[in-house]
1. For segment 317-467, which semi-axes, largest first and in whole Å, follow from the square roots of 5 times the eigenvalues of its Cα gyration tensor?
2. May I ask for the Rg/Rh ratio of segment 8-104, computed from Cα atoms with Rh as the Kirkwood radius, given to two decimals?
3. Treat every Asp and Glu Cβ in segment 50-98 as -1 and every Lys and Arg Cβ as +1, leave all other atoms uncharged, and give the resulting dipole magnitude about the Cα centre to the nearest 20 debye.
4. With +1 on each Lys and Arg Cβ and -1 on each Asp and Glu Cβ, how big is the dipole of segment 318-382 about its Cα centre, in debye rounded to the nearest 20?
5. For segment 317-467, with only Lys/Arg (+1) and Asp/Glu (-1) charged at the beta-carbon, what is the dipole magnitude about the Cα centre, in debye rounded to 20?
6. Arrange the peptides 75-82, 279-286 so that the one whose residues have, on average, the most other Cβ atoms within 10 Å appears first.
7. Kindly put THR125, THR451 in sequence by how many other C-beta atoms sit within 10 Å of each C-beta, fewest to most.
8. Could you compute the net charge surrounding CYS188? Neighbours are other residues with a C-beta less than 15 Å from the C-beta of CYS188; K and R count +1, D and E count -1.
Amino acid sequence: MNTMDRTESLLGAYGLTDACDRLLSADDALANLQERCGGALPGTLAIPELLALVRQARVMRLRIARPFSAFDGDAEVSGFARIHPLSDTEGGGCEVLVENWQRSPLLDAGTRAFAERLDAIDRATAEVSARLDARQRLQVLSATAPDAVMLQSAAMQQPGQLWSELVEVTGIAHHQPLHWRLLDGGACRFAGSQRNWRIRLIPFGPDAQAPTGFELLLIPEEPLMALAGLPPHASEVLEASPTRLVGTALAPVLRQPVARIIANAETIRARLAGPLRDEYSDYAGTIASAGQHLAAMLDDLADLEVVETPGFATAKEPVDLADAAARAAGILGVRAQNRETVLVVEGEHGAAIASAEFRRVLQILINLIGNAIAYAPAASTVTITAFTAGDGRVSVTVADEGQGVTPEQAERIFDKGERLGRDSDGGRDGGSGLGLYISRRLARAMAGDLTVAAAPGGGALFRLDLPAL
C-alpha cells in the first residue's frame with residue numbers, strides 16, 4: 001500500500017493463525033500490514049493489538065469482536081476485528097476478519113494539538129526519560145523511579161547503544177530497531193523493576209517521517225506501592241534520603257491516576273468520545289485544568305525535595321543552549337498558541353555550549369517560558385535568546401512583554417513560595433510559587449545562576465548563566 005493523502009477504505013481483510021499465533025495466510029491488506037509491522041508471512045502475528053485479541057480468543061476459546069488500530073509506519077490502520085477461535089481438529093488457531101478496514105493519513109492540525117497536550121501529560125507522568133539520536137541510539141537517560149536505578153546505570157555504562165537493547169519490548173516478536181511509530185505506545189519491562197511500562201517516542205525535527213532524534217519516555221502502568229523486590233542499590237538511595245516523602249512515596253502513587261483523569265477529561269472536552277453539550281465540555285476542561293495543576297504541584301514538591309537533599313548534584317554533559325531553547329519552545333508551543341503568544345527563539349546552534357545537565361536546563365527553560373506565556377498579555381511575544389557571555393560563561397534569556405518586576409520584587413522573586421502577586425492574565429492560578437526557587441537551585445547546582453531584570457521596552461527578562469564547555 002502506498003502512502004495516501006486521503007483515507008483508504010476496504011470492506012474487510014481476512015487471515016488465519018495457528019495455535020502458536022503465527023499468521024499462516026492473509027489477503028493482501030493484512031499481509032501488507034504484517035510486513036510493515038516487521039513480521040513475515042508465515043510468521044508470528046506482528047500487529048500488537050491484533051495479536052493481543054487473537055491470544056485472548058484462543059486461550060479463552062471465545063469469539064471476540066472489538067475495534068483495533070495500528071501504525072504501518074506511514075499511516076494509521078483501523079477497523080473492527082472479529083476473532084473466531086478454531087477447534088483443535090481445525091488447527092487450534094483463529095480466523096481473523098477485519099471489517100471496515102481504513103488506512104488514514106497521520107494527524108491533522110486540530111488532532112495534532114490535542115496529541116501535543118497528551119504528550120505533555122506523558123512527560124509529567126514519565127519516570128524514565130531519555131534523548132535518542134535519529135537511529136534510536138541513547139545519548140542520555142535519566143530516571144526518577146527507584147526501581148529504574150539499574151536501567152540508568154546500564155545506560156551510563158554503554159552510551160550510544162540502541163535503547164531497546166536495555167529493555168524487553170513485550171508483544172512484539174520481530175527484531176529491533178523498528179520504525180519508531182511501531183514502538184510508540186508499546187509495552188516493555190526491564191531488569192530491576194517488577195512493573196510494566198508504556199513506551200512513548202516523540203520525534204524531534206520538522207519532519208516526523210525523518211526525525212533528527214527522539215525523546216523517549218517510559219511511563220509505569222502501575223504505581224510503586226512498596227519497596228519489596230527493588231535492587232539493593234535503590235534501597236540504599238532511599239535510605240540515604242529518608243525525608244523524600246513526596247518523590248519516593250506520594251508522587252509515584254498519585255501520578256498515574258491524576259494523568260488518567262487529565263487524559264479522560266481532555267478526551268471528553270475535545271468531544272473525541274462523541275457529541276457533547278457545551279457546558280459539559282466546559283466542565284471537562286475545568287477538570288483537566290485542575291488535574292494539570294495538581295500534577296504540576298506534585299512535580300514541584302518532588303523537585304523541591306530533590307534540590308534540598310544534602311549533597312544534591314547534577315550531571316555534566318555538553319548542552320547546546322540554542323537547541324535546548326528550541327526544544328522548550330516546541331514543548332510549550334500549544335500553550336503559546338492558545339494564548340496567541342509568539343515564541344521567538346534566537347541564537348545560532350552550536351555557538352553557546354554549556355557544561356551542564358540537559359534535562360535540568362530544559363526544566364528551567366520550560367518553567368521560565370511557561371511563566372512568560374502565563375504572565376504576559378495575550379497576543380504578545382516571548383523572546384528566548386542563547387548567546388556566549390564571555391568569561392567562560394554562556395547564557396540564555398527569556399524576555400516577556402508583561403508588567404515586569406520592580407527592584408524590590410526582583411530581590412524576593414526566587415524565594416520559596418514567593419509569587420509577589422504575579423497573577424496570570426485571565427485569572428488562572430499562578431502556580432505553587434516553587435518553580436523559580438527550584439530553577440535557581442538547579443542553576444546553582446550546575447555552577448551557574450538565574451537572575452531577573454527589566455526587559456528592554458518593559459516586561460521581565462530572566463537570565464540563565466552556565467559555565468561554557
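Bear in mind these aren't lab numbers, they're just calculated from the coordinates by the rules spelled out. This one's a predicted model, so the numbers in the text were calculated from it and none came from an experiment. Neighbour counts run over all protein chains shown; Cβ positions are idealised from the backbone, glycine included.
1. 23, 18, 14
2. 0.94
3. 320 debye
4. 280 debye
5. In debye, rounded to 20, segment 317-467 gives about 400.
6. Details: 75-82: 20.0, 279-286: 13.4.
Ranked from most to least packed, the peptides come out as 75-82, 279-286.
7. Going from least to most buried by this count: THR451, THR125.
8. Result for the local shell: -4.
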